[in-house]
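Before any comments, here is the structure.
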Amino acid sequence: MAEIKVDCRGETCPVPLVETRKALRKAKEGDIVEVIGTHPASKKEIPMAVKALGLELIDVQEEGGMWKIKIRK
């Protein structure tokens, strides 16, 4: 099982979502994709996309304007 990190700090929509989707396509079943970013809208969009794709949203954390989202494929 791999953990794939996607760093989108400083990027605005739609970049974090696009990069997350790319990482999820590369990921194998059971892999964890961790996305880090600072754009507030993406923090809402990514979990919605994860649910739409039928994947598991493990965790969403925010600290000091930076968020981290963990997704299991």
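In region 3-72, Rg over Rh equals 0.92, where Rg is the alpha-carbon radius of gyration and Rh the Kirkwood radius from pairwise Cα distances. Taking only Cα atoms, what is the 0 to 90° angle, nearest 10, from helix 15-26's long axis to the longest principal axis of the chain? Helix 15-26 sits at roughly 10 degrees to that axis.
Any read-out appearing in this document is the output of simple, stated calculations on the displayed coordinates, not a laboratory observation. Keep in mind that this is a model prediction, so the values were computed, not measured.
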